[in-house]
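The values are calculated or read from the model by the stated rules, or taken from the named source; none is laboratory data. Just so it is clear, the structure is predicted and the values come from calculations on it, not from any experiment. Using ideal geometry, Cβ is built from the backbone for each residue, glycine included, and neighbour counts are taken over all protein chains shown. Remember, those area values only see protein heavy atoms, side chains included, never the ligands or the DNA or RNA. Shrake-Rupley method; radii C 1.70, N 1.55, O 1.52, S 1.80 Å.
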Amino acid sequence: MSVAKELRETVINGLADAAEAKAQAGLEQGLAPLELVNGSLVAAMNEVARLWREGEYFLPDVIMSAEAFKAAMAVLEPKLSASESQPLGKVIIGVVEGDMHDLGKNIVVALLRANGFEVVDLGVDIPVATFIEQVRQNRPQILGLGAYMSTTMLAMGEVVEQLRKQGLRDEVKVMVGGVPVNQDFADEIGADAWGADALDAVAKAKALLGVK
Amino acid sequence: MNRWIRGAQVFGNALAGQPERVPVLAQMHDHAMFLAGLPASRFYTDPVALIEVELLATEYYDFDVPFLFWDVYNIEAEAIGQKLKFHPRSMPDIDQTTPLVKNESDLDKVKLLNPGQAGRMPQVLESYALHLKYSGLPPVLQLCAPFSLACGIRSYTGLISDIKTRPDFAHELLRRICDDVLLPWLKVQYDAVPSTTSVQGADAWASPPNVNLRIFEEFVEPYIYRLDEKFANPNCRVGGVAYWGESYLKNPVDFIEAKVRVSKNTPLGLLCLDPDVERIGVQVPKEVATKHSVPLILGINALLIRSGPIEAIIQRIKEYIAQGAPGGKLGIFLNSLPADTPPEHIHAAVAAIRTFGRYPLAKDMDALEVKIPPRESFAEFVRRKQQDNPEGYTFSWLDEAHLKE
């Protein structure tokens, strides 16, 4: 099996150390970094997504694959040229204030990165003012808001409202997600999209930016 | 007979298969807090506020029995030193970015040094005492189940990584959680309420797609059984609850069967929640419950109850009762009612349950009309209860409350 194929397999199987080693081996064999990223890593994550959709993979498998992807990417990314590493778009993402649940958000971040987005991950328990400030400073195309509790999700509406008040609403698309959130709630607060799960979030992010 | 004892009787009869009606209960801590307009910093740290508001909300909505199931995932973790975040508007939450157990040397931290005294454990014990005093009903004791507690103090991703790469470490962590944290706490709880008959280990983390069936069978089930065996109390058994996610499996029955096994010692029997039930249908869990002769509790989608419309809520309840109620042993559960759920939606849900859930069941449920009587606001209800207060509530929390008019 070629190193490129082995790299793809290690990511699908969620073997972070092996993925890092195979990425390094690929570079040493003179393989192009972009080819390894697209042909092995992205292809592997697409396969992981397929296995998830078909009920073969559960969250633990996806998490391990995302970790392997991250380990290999850490080797390859510095070798990409500036034009090769041009992202699809910039996403700022965080879990709203009062909420410490980061699992769903972390998976969304991993899959967005695997699909070519630049992601600024603010973490958890993020105040409304921080989201606004980050949008003002970083000018992302998409702002992603996560919540796990029905008390904290109400802060998502406050973020949208503040974006509006501060004249930033038309400059950024707002996506929401998390256990207590649904399309009705997204409509209610004036968000642009609701991600039912991490895969759906990636698909909606691409759709918002007009990317196939 | 007070309304609480009467409600428990209705509930018990229904689940035993001799129903007069389909009973209803709800998990609504955040909603109750919202109704009372209390800050979370008060509601989740003042047992009087917590119990009085929960019981008042239970009576306001005419639920049959109280279901006190609040921040059960945090109590033990906090007591052994896991960092929590307290926020004025929401339930305390484990800071999952800084797990207590970061590496092997941290395993020694997994020990409860002052059972009943550490963290908010005294508040839990006081809550039980108040529950018993006001309602006359011994509460079902609450624990964070071993797997979910491991997720809390190790982080979910950390635990999953352990399970995949060093399973012996994961087993050792779970063993210590059982023997050195949960069992001492369980004994203190039982001593405080010896009339109780059941312990519920809350275990939502151990649900698909968070876990697959292999992980469930190796890292979840055995530790629920270990607690029950080591507690060794024939009058008070331990079971796991709050599992969901069967719709993620190709064969949902496999996980439903597992739920029956781990939940068999709890009063709720088989609990199946939306959106799983929406996806797989009522008949699948109904058949498993019938096969094992256990009660079936169906949970209605919390987002549907919040968003409505009322017609859709009534339709969902009609469908679930029509399919689940024949033969008895059915209850309806309004799980995790969102904080800002409109009260009229909950009143409509209860009216629908009363209409369709009366035995003998109507042959044509479509012919039944759900009448929703006009209801007072929660504020009006509380004022009325202050005048007629057989429970002896203190209403001491009103100093910080902003009741919903």
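Accessible surface computed residue by residue for chain A, with neighbouring protein chains in place and a 1.4 Å probe, gives 43 Å² per residue.
Across segment B:17-83, C-alpha contacts under 8 Å between residues 6 or more apart give a mean separation that, scaled by the residue count, equals a relative contact order of 40 percent.
Near B:Glu400, once Lys and Arg are set to +1 and Asp and Glu to -1 for all other residues with Cβ below 14 Å from its Cβ, the sum equals -1. Along each principal axis, taking the top coordinate minus the bottom one, the Cα set of the protein assembly as shown gives 83, 56, 50 Å in descending order. Note on B:Glu20: accessible area is roughly 60 Å² with a 1.4 Å probe, heavy atoms of protein only. Other residues lying with their Cβ under 11 Å from the Cβ of A:Ala18 contribute a combined charge of -3, Lys and Arg counting +1, Asp and Glu -1.
Determine the total buried accessible area between chain A and chain B, counting protein heavy atoms only with a 1.4 Å probe; round to the nearest 100 Å².
2700 Å²
Look at the stretch B:63-69: the mean tally of other chain Cβ atoms within 10 Å of its residues' Cβ atoms is 0.
For segment B:35-131, the Cβ-based charge dipole about the Cα centre amounts to some 440 debye (Lys, Arg positive; Asp, Glu negative; other atoms uncharged). Protection proxy ranking, highest mean first, for peptides B:292-302, B:357-367: B:292-302, B:357-367, where packing is the per-residue count of other beta-carbon atoms within 10 Å, averaged.
By DSSP, the beta bridges lying fully in chain B are antiparallel in about 15 percent of cases. Of all DSSP-defined beta bridges confined to the protein assembly as shown, some 10% are antiparallel rather than parallel. Take each peptide in A:171-177, B:328-334, count the other Cβ atoms within 10 Å of every residue, and average; sorted highest first, the result is B:328-334, A:171-177.
Residues of segment A:142-160 with accessible area at least 20 Å² lower in the all-protein-chain context than alone (1.4 Å probe)? The answer is A:Met149, A:Ser150, A:Thr151, A:Met153, A:Leu154, A:Glu158 - residues whose exposure falls by at least 20 Å² when every protein chain is included. Look at the Cα gyration tensor of segment A:25-169: its axes a ≥ b ≥ c give a/c of at least 1.5 with a/b at or below b/c, and that counts as oblate.
Per residue, the accessible area of segment B:306-351 comes to 29 Å², computed with a 1.4 Å probe over protein heavy atoms only. Think of the protein assembly as shown as having a plus end and a minus end, set by charges on the Cβ of Lys, Arg, Asp and Glu; of B:Tyr60, B:Asn114, B:Ser307, B:Tyr60 sits farthest toward the positive end of this dipole.
When the residues B:Arg226, B:Arg6 are ordered by accessible surface, computed with a 1.4 Å probe over the protein chains alone, the sequence from largest down reads B:Arg6, B:Arg226. Other protein chain C-beta atoms within 10 Å of residue C-beta, averaged over A:98-105: 6.
Choose one of B:Tyr243, A:Asn106, A:Gln137: the residue whose Cα lies farthest towards the positive end of the charge dipole of the protein assembly as shown (beta-carbon charges +1 Lys, Arg; -1 Asp, Glu; about the Cα centre). About the Cα centre, the residue reaching furthest to the positive side is B:Tyr243. Per residue, segment B:228-267 exposes 42 Å² of accessible surface when a 1.4 Å probe is rolled over the protein heavy atoms with every protein chain present.
In terms of its alpha-carbon gyration tensor, segment A:114-199 comes out rounded; the largest-to-smallest axis ratio a/c stays below the 1.5 threshold. Atom-type composition of the exposed protein surface of chain B places 52 percent of the accessible area on carbon and sulfur (1.4 angstrom probe). Please tell me the relative contact order of chain B in percent, rounded to the nearest whole number, where contacts are Cα pairs under 8 Å and at least six residues apart. Normalised by residue count, the contact order of chain B is 22 percent. The lysines whose alpha-carbon is closer than 23 Å to the alpha-carbon of B:Lys83, local same-chain residues fewer than 8 away aside, are A:Lys105, B:Lys102, B:Lys109, B:Lys111.
Summing +1 for each Lys or Arg and -1 for each Asp or Glu among the other residues whose beta-carbon sits under 10 angstrom from that of B:Pro338 gives -1. Solvent-accessible area of B:Glu172, all protein chains in place: 50 Å² (probe radius 1.4 Å, heavy atoms, ligands and nucleic acids excluded). Taking every alpha-carbon pair under 8 Å whose residues sit at least 6 apart, segment A:58-212 reaches a relative contact order of 22 percent. Per atom type, chain A shows carbon and sulfur on 49% of its accessible surface, probed at 1.4 Å.
Comparing the full protein assembly with the isolated chain, the residues of segment B:142-179 losing at least 20 square angstrom of accessible surface (1.4 Å probe) are B:Tyr156, B:Thr157, B:Ile160, B:Lys164.
Qualifying trypsin sites (Lys or Arg not before Pro) in segment B:27-105, where qualification requires a DSSP coil assignment and no more than 16 other C-beta atoms within 10 Å, comprise B:Lys83, B:Lys102. Taking a ≥ b ≥ c as the square roots of the eigenvalues of the Cα gyration tensor of chain B, is the shape rounded (a/c under 1.5), prolate (a/b larger than b/c) or oblate? Judged from the Cα gyration tensor, chain B comes out oblate (a/c at least 1.5, b/c at or above a/b).
Counting only other chain Cβ atoms within 10 Å of each residue's Cβ, the peptide B:83-96 averages 5.
In terms of distances greater than 21 angstrom between alpha carbons, the cross-link table entries B:Lys259/B:Lys329; A:Lys173/A:Lys206; A:Lys206/B:Lys164 yield A:Lys206/B:Lys164. Evaluate the Debye formula for segment B:31-190 with equal point scatterers sitting on the alpha carbons, no solvent, and hand back log10 of I(q)/I(0) at q = 0.12 Å⁻¹, in q order, two decimals. Results for segment B:31-190 at q = 0.12 Å⁻¹ read -0.56. Segment B:104-164 has equivalent-ellipsoid semi-axes of 31, 15, 7 Å, by the square roots of 5 times the alpha carbon gyration tensor eigenvalues, sorted largest first.
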